[in-house]
1. Can you tell me which condition residue 15 does not meet? The list is (1) farther than 13 Å from residue 261 by Cα; (2) away from the ligand (no atom under 16 Å from the Cβ); (3) touching a helix residue (DSSP H, G or I) at 6+ places or on another chain (Cβ under 6 Å), and all the others hold.
2. Every residue in segment 198-214 that is buried (at least 24 other Cβ atoms within 10 Å of the Cβ) and not charged (D, E, K, R), please.
3. Filter segment 351-366 for residues that are buried (at least 24 other Cβ atoms within 10 Å of the Cβ) and β-branched (Val, Ile, Thr) and give the result.
4. Mind checking which residues of segment 186-201 are within 22 Å of residue 264 (Cα to Cα) and either β-branched (Val, Ile, Thr) or part of a loop (DSSP other than H, G, I, E, B) (or both)?
5. Give me the residue from segment 54-92 that is within 15 Å of the ligand (Cβ to nearest atom) and assigned to a strand (DSSP E or B) and, out of that set, nearest to residue 252 (Cα to Cα).
6. Does at least one position in segment 197-206 carry a residue that is more than 21 Å from the chain's Cα centre (by Cα) and farther than 19 Å from residue 100 by Cα?
7. Go through segment 93-110 and report how many residues are at negative phi and more than 13 Å from the ligand (Cβ to nearest atom).
Amino acid sequence: MTDFPIFDPPERLLMGPGPSNIHPRVYAALSAPVVGHLDPVFLAVMEEAKALLRATFQTRNELTIAISGTGSAGMETCFVNAVEPGDRVLVCINGVFGMRMREVATRCGAEVDIIEAEWGTAIPTESVAEALSAAEYKVVAVVHAETSTGVLQPLEQISRLVHDHGALFLVDAVTSLGGVELDVDGLEIDLCYSGTQKCLSCPPGLSPVTFSTRAMERLAARQTAVQSWYLDLSLISQYWGESRVYHHTAPISMNYALREALRLVSEEGLEARWSRHLRNQQALVRGLEALGLSLVVDESIRLPALTTVRIPQGIDDANVRGTLLQRFGIEIGGGLGAFQGKAWRVGLMGSTSTERNVTTFLAALQATLAEQGYKGGGAVEAALSA
Ligand SMILES: Cc1ncc(COP(=O)(O)O)c(C=O)c1O
């Protein structure tokens, strides 16, 4: 006998900064029978996941795998493998995740310099050019999709500067992979990591990473051992490569789920998927504007997967988010850092990005705001006319 009933969580509409809603086919994959981590059936799953990840990252990089752990594990994997104590690293910060990269690089023993831009804006290319002309860096790190602000960072010019300088280009693609264009080879990104729970619509738990040949050469030339045994790619790559040397017991079910989520991406097609994310955000924005709400990020750098909305004067942040969750079953995110209590973060990632979810959310938000005396309407009509 147990005092605890069977666990029966509610079905939420996940419109926060992640996780996003899971596709039924991904849930089905999660419940498939577990096999051993060296079973030929699982090795085939790993090979298929690698091929699908390469297509999604748009890369031919041999070392393209799923790290066991969430997006932060991917971040650590990139830094611990690429950086040796004393290396100079330049980190661009315009939100929470740039700050986290700085912390991780510092813990690797790097000499870290930073470029800061105001939250809600992009990192200016000129600032990167200036920093690179003043010092020699081994690695330059940028967040592609800053989930704390909703900014989509343009990468092309920064990449050119970084390579002219001879550094490795490290990109956080946790909230961009599968939701907005990300061409790892075209942009010559050397180290890139993502997460499963955002635009790939898988549960959290794996972190897809990809390393260029240049990055692999840097790893091979290291003078010191990677200080994290668990995230040492020279060991992990033997398990994901031909020799299949045991390193750790892979999370079998999560890899099934990732493979299925990537099959869904492939069936939809990358470009169709990017357009869907953009189209549904545009409808959301129309609805929010009809309500008289203003957005934090300029349209030219707005991240389609996540929209940051200013909380109007006199509106109780916690009450609105609580009502959306408890009455309507909708989760949205509160503001982080500089935006705490000042903005909401509305995610439309992966399977969550549908016209139906946009209109459901707008209707619920309009009703919730009206209860607090906020005047404004026509959100759903505006979204539908977009
Ligand atoms: C841009 C970005 N980088 C890194 C992370 C860290 O990922 P995780 O929370 O899965 O460890 C997140 C999580 O939200 C993120 O949005």
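The values are calculated or read from the model by the stated rules, or taken from the named source; none is laboratory data. For clarity, every value in this text was computed on a predicted model and none was experimentally measured. Reconstructed Cβ throughout: ideal geometry from the backbone, glycine too, with neighbour counts over all protein chains shown.
1. (2)
2. Taking segment 198-214 and keeping what is buried (at least 24 other Cβ atoms within 10 Å of the Cβ), we get 198-202, 206-211.
Result: 199, 200, 201, 202, 206, 207, 208, 209, 210, 211.
3. Of segment 351-366, the ones buried (at least 24 other Cβ atoms within 10 Å of the Cβ) are 352-353, 358, 361-362, 365.
Once the filter is applied, which keeps residues that are buried (at least 24 other Cβ atoms within 10 Å of the Cβ) and β-branched (Val, Ile, Thr), segment 351-366 yields 352, 358.
4. So in segment 186-201, the residues within 22 Å of residue 264 (Cα to Cα) come out as 192-201.
194, 195, 196, 197, 198, 199, 200, 201, listed by residue number.
5. 68
6. Looking only at segment 197-206, we keep the residues that are more than 21 Å from the chain's Cα centre (by Cα), and these are none.
No, every residue in segment 197-206 fails to be more than 21 Å from the chain's Cα centre (by Cα) and farther than 19 Å from residue 100 by Cα.
7. Residues flagged as at negative phi and more than 13 Å from the ligand (Cβ to nearest atom) within segment 93-110 amount to 5.
Condition check ((1) out of contact with any Gly (no Cβ under 8 Å at 6 or more places or on another chain); (2) of a type in the set (S, T, N, Q); (3) within 24 Å of residue 75 (Cα to Cα); (4) at pLDDT 95 or above) across all residues:
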site	(1), (2), (3), (4)
248	yes, no, yes, yes
251	no, no, yes, yes
260	yes, no, yes, yes
267	yes, no, no, yes
271	yes, no, no, yes
